[in-house]
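Beneath this line is the structure, given in structure tokens, with notes to follow.
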Amino acid sequence: MTHLSIFSTIITFIFAAAVFARWRHKKPKHLFYWGLGLVLYGLGTLSEAVMSFTFNPWFLKLWYLSGAMLTAAWLGQGTVYLLVRKRMVADFLMILLIIASLVSLALIIMAPVTAAASAYKINLPASLQYKEILARNGWIIVLTILLNIYGTVALVGGAIYSAYLFWRKSVLANRMFGNLLIAGGALMPAMAGSFVKAGLVDWLYLSEFLGVVLMYGGFTLATSARPVEDRIKASPASSD
């Protein structure tokens, strides 16, 4: 299933390029942070793909930092800028996220790699082996948990809330379904750990692949052009 990590990486970077292209045209902050979150997602799957051929401690650290710690948080920050009306609140959360990300970067760089690295198996996902190889301290573990909770709640919760708004107003069905796809896609990687614990190792790669495909499909659907009569005034749930 290694090829799925490669496909996930390709699709993710294509998705990120599409988001950044839209950001350059319209300049809303949420698109920039979504794009940044997708770059982190792609770095995570890229590192995973590399480590399926050979072990490198720096790729392991890149995988953990980008995939396990920061991706969800930065995608969620994009949704915060989209939905939170009080810009001071979004900016304050942004400052906290930057600080947390810099601290995470420093901690991961300094984290020792144990002797278990010599027994790394390229036929098994890094997510099954990193605990014995990467010596994580309490700060790393706490930051990992907090960053993922923040990002998942913001991204998934924001997408579901946006879909609800469009459903309640009975308008722009494409954005309603698009947001539901984004929510479903965001949940897929979050469920990867459960698949691994259940012994469904191959589902880890599949969940990452399906996650980015669903989010890309949802983003494309939500931002697709609609007839003038179907449009409504700008709302917090707008994907533009």
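Annotations
- Angle in degrees between helix 87-110 and the longest Cα principal axis of the chain, rounded to the nearest 10: 10
- Candidates Leu102, Leu70, Leu62: whichever shows maximal mean-square fluctuation once the chain is modelled as a Gaussian network with Cα springs under 10 Å: Leu102
- For region 1-97, with +1 on Lys and Arg beta carbons and -1 on Asp and Glu, the positive-most of Thr45, Gly76, Leu4 along the dipole: Gly76
- Angle of helix 71-83 to the longest C-alpha principal axis of the chain, folded into 0 to 90 degrees and rounded to 10: 20°.
- When the alpha carbon gyration tensor of region 43-108 is reduced to an equivalent ellipsoid, its three semi-axes come out at 30, 13, 5 angstrom, largest first.
- For the chain: relative contact order, % (alpha-carbon pairs under 8 angstrom, 6 or more apart): 21
- Distance from the alpha carbon centroid of region 49-72 to that of region 88-108 works out to 20 angstrom.
- Helix 201-222 and the longest principal axis of the C-alpha atoms of the chain enclose an angle of approximately 20°.
- In the chain, excluding the sites themselves, the longest stretch lacking any of the trypsin sites (Lys or Arg not before Pro) that are in a DSSP loop with at most 12 other Cβ atoms within 10 Å is 122-230.
- Above-threshold pairs, the threshold being 29 Å between Cα atoms, out of Lys86/Lys131; Lys27/Lys61; Lys61/Lys86; Lys27/Lys86; Lys26/Lys169: Lys86/Lys131; Lys27/Lys61; Lys61/Lys86
Read-outs throughout are calculated quantities, based only on the coordinates presented, and are distinct from any laboratory measurement. Quick caveat, the model's predicted, so the values are computed rather than measured. Here the Cβ is made from the backbone with ideal geometry for all residues, glycine too, and neighbour counts use every protein chain on show.
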